[in-house]
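Remarks on the structure that follows.
Throughout, read-outs are computed from the coordinates displayed, never taken from laboratory work. Please read all numbers here as calculations on a predicted model, not as lab measurements. Neighbour counts run over all protein chains shown; Cβ positions are idealised from the backbone, glycine included.
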Amino acid sequence: MNQFRKGEITEYKEFSKYPVCTKDFSMWVAPEYNPNDLFEIIREIGGDLIEAVEQIDEFVDAKRNRTSKAYRISFRSLERTLTN
């Protein structure tokens, strides 16, 4: 009931009955790396199939002075089950 407000008509937003398909990846990043740039590129390429993009891990290699970040991309379609 929290999604409804008294006196307002809320537009119905369709949701998918199909399962989510997730893909994880990691990469070494430069100190000037901006995660918003990566998220924007992923959403441009994946379009409406992208449900969520989130950082799931970060590793700092102090000996080599490098940082690795891991991300999870969640894909979901309104029309069909997605496969690899």
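Output the number of residues of the range 28-70 satisfying the condition of being closer than 26 Å to Thr81 by Cα and either out of contact with any helix residue (DSSP H, G or I) (no Cβ under 7 Å at 6 or more places or on another chain) or basic (Lys, Arg) (or both).
17
If I filter the range 45-80 down to residues being polar (S, T, N, Q) and more than 13 Å from Met27 (Cα to Cα), which single residue comes out as surrounded by the fewest Cβ atoms within 10 Å (Cβ to Cβ)?
If we take residues in the range 45-80 being polar (S, T, N, Q) and more than 13 Å from Met27 (Cα to Cα), then Asn65 is surrounded by the fewest Cβ atoms within 10 Å (Cβ to Cβ).
Pairs please, first residue from the range 7-30 and farther than 27 Å from Asp57 by Cα, second anywhere and of a type in the set (A, V, I, L, M, F, W, C), Cβ atoms under 7 Å, 6+ apart in sequence or on different chains.
Once the first residue is farther than 27 Å from Asp57 by Cα and sits in the range 7-30, its partners that are of a type in the set (A, V, I, L, M, F, W, C) give Thr10/Phe4; Glu14/Leu78; Ser16/Leu78.
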